[in-house]
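S.K.: First the structure, then my questions, so here it is.
The values are calculated or read from the model by the stated rules, or taken from the named source; none is laboratory data. Predicted, not measured: the structure shown is a model, and the values here were computed from it. Note that we place each Cβ from the backbone using ideal geometry, even for glycine, and neighbour counts take in every protein chain shown. Accessible surface is based on the protein model in full, side chains and every heavy atom, while ligands, DNA and RNA are left aside. Shrake-Rupley method; radii C 1.70, N 1.55, O 1.52, S 1.80 Å.
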Amino acid sequence: MGEVSQINAIEFYCGIGGTHFALKGKGVEYTLTHALSSVFPGLSKPINVIAAFDINTTTNSIYKCNFPATKLYQNNIQGLSAASLDKFDAQLWTMSPPCQPFTLKGNLKGKEDRRCDSFKALLASLDEMKRAPRWIFIENVSNFYSTSMHSILIETLNSVGYEIEEYILSPVQFGIPNSRPRYYLMASRKEGRVEYHSHLYHSIEGVGEFEASKIEDYLSNNEEIEYLPSVKIEQNNISIVESSAITSSCFTKSYTQYLVGCGSYLRDSKGIRPFSPREVASLMSFPYSFSWPEHITHKQVYRALGNSVNVAVVSKLLERLLQV
Ligand SMILES: C[S@@+](CC[C@H](N)C(=O)[O-])C[C@H]1O[C@@H](n2cnc3c(N)ncnc32)[C@H](O)[C@@H]1O
């Protein structure tokens, strides 16, 4: 398979477009300004996201606000046929399928969970397609690696002829003060069936050590944020960080709805407060330009970000996948 000058991509389960920012090499200004300069140069090839799919109306309105020119389909992915997917003739597919089937809160039902149906359907299409994508990028929770759905994924990709690299990476490894360990799979299509060599990487080859940046580098000082009442703090085992910290806990979709296990809170001279949606976005390496429509509430932004990706980590992986 030869050199390509432009890559056409489809973004499945696009959410608010964290992967789209990564494909554009955006979202790394924070990282670039703080500590990691020159390590995230962005992708060298122009990438054109020709279609994005998601059923969620809230995240779709945020996506449209950030990528108005991208054709966004508010469709159930399960209904896409191999023939309709062939028509896009995309060289790259990116996917962040729902993670609930692989989490304790979602009862760990794996492939038996109906929320896996669309992912299974997409994988089945690969086998039937005449123009299957040359590259596939998948993101999910770390636990995905040890599930029955992972076995289906690997078997399908290998039988269609994809060589696979698998990772578990967290932004803290890249000097970003936020923990978000996630499973990533990168697949490149070869000719004929390939064998699977199970190996889970915990770093990216050729990508060296990073100087840690601090929480204070990601704060915005001009936002009104409510501080926590002290009674709540005393009663709970909340993750609290100071501005000098070099890590914070993973922000989930329930951040601020539940105090424990959904992300860190910041202690400053005035008390303890949640990170603002803008600050959470920054800790997840979203660019300064990331925005949302006025009717979207803070709770909705936290929820959407909690389901999203760290843009800088995804960007770094895509850079490796697409080097041809
Ligand atoms: C883990 S989130 C993906 C987040 C995304 N990477 C981002 O940056 O925001 C999974 C997304 O899949 C969407 N989704 C789940 N099932 C779907 C289906 N059958 N068809 C289309 N979208 C679906 C959800 O609405 C959700 O936005």
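S.K.: Just the residues that are open to solvent by 40 Å² or more (accessible area, probe 1.4 Å) and not polar (S, T, N, Q), please, taken from segment 171-189.
M.R.: VAL172, PRO181, ARG189
S.K.: Could you tell me which of the residues SER315, SER282 is open to solvent by less than 30 Å² (accessible area, probe 1.4 Å) and more than 14 Å from the ligand (Cβ to nearest atom)?
M.R.: SER282
S.K.: Which one of these is polar (S, T, N, Q), over 25 Å from HIS199 (Cβ atoms) and at pLDDT below 95: ASN107, ASN158? If you could, list the steps in order and put the result at the bottom.
M.R.: Details: ASN158 fails: over 25 Å from HIS199 (Cβ atoms).
Criteria check complete, one pass: ASN107.
S.K.: Could you please find all residues in segment 132-149 being modelled with pLDDT of 95 or more, away from the ligand (no atom under 16 Å from the Cβ) and of a type outside the set (A, V, I, L, M)?
M.R.: PRO133, ARG134, TRP135 - these are the residues of segment 132-149 that are modelled with pLDDT of 95 or more, away from the ligand (no atom under 16 Å from the Cβ) and of a type outside the set (A, V, I, L, M).
S.K.: Looking for something within 13 Å of the ligand (Cβ to nearest atom), in contact (Cβ under 8 Å) with a residue 12 or more places away in the chain and open to solvent by less than 10 Å² (accessible area, probe 1.4 Å) - is there at least one such residue anywhere in segment 258-274? Explain how you work it out, then say what you get.
M.R.: Just the residues of segment 258-274 that are within 13 Å of the ligand (Cβ to nearest atom), to begin with: none.
No; the residues of segment 258-274 include none that is within 13 Å of the ligand (Cβ to nearest atom), in contact (Cβ under 8 Å) with a residue 12 or more places away in the chain and open to solvent by less than 10 Å² (accessible area, probe 1.4 Å).
S.K.: What do you reckon, is ILE168 surrounded by fewer than 20 Cβ atoms within 10 Å (Cβ to Cβ), more than 16 Å from the ligand (Cβ to nearest atom), touching a residue at least 12 places away in the same chain (Cβ under 8 Å) and closer than 22 Å to CYS262 by Cα?
M.R.: Numbers: surrounded by fewer than 20 Cβ atoms within 10 Å (Cβ to Cβ): yes; more than 16 Å from the ligand (Cβ to nearest atom): yes; touching a residue at least 12 places away in the same chain (Cβ under 8 Å): yes; closer than 22 Å to CYS262 by Cα: yes.
For ILE168, the condition - surrounded by fewer than 20 Cβ atoms within 10 Å (Cβ to Cβ), more than 16 Å from the ligand (Cβ to nearest atom), touching a residue at least 12 places away in the same chain (Cβ under 8 Å) and closer than 22 Å to CYS262 by Cα - is met.
S.K.: Tell me the helices (runs of 4 or more DSSP H) entirely within segment 57-155 that contain at least 2 residues that are within 21 Å of the chain's Cα centre (by Cα) and surrounded by fewer than 17 Cβ atoms within 10 Å (Cβ to Cβ). Give the derivation first.
M.R.: Working: elements: 57-66, 82-88, 117-128.
Where helices (runs of 4 or more DSSP H) fall fully within segment 57-155 and carry at least 2 residues being within 21 Å of the chain's Cα centre (by Cα) and surrounded by fewer than 17 Cβ atoms within 10 Å (Cβ to Cβ), they are 57-66, 117-128.
S.K.: Read through the list (1) in a loop (DSSP other than H, G, I, E, B); (2) buried (at least 19 other Cβ atoms within 10 Å of the Cβ), then give the number of the only condition that GLY192 fails.
M.R.: If we test GLY192 against (1) in a loop (DSSP other than H, G, I, E, B); (2) buried (at least 19 other Cβ atoms within 10 Å of the Cβ), just (2) comes out false.
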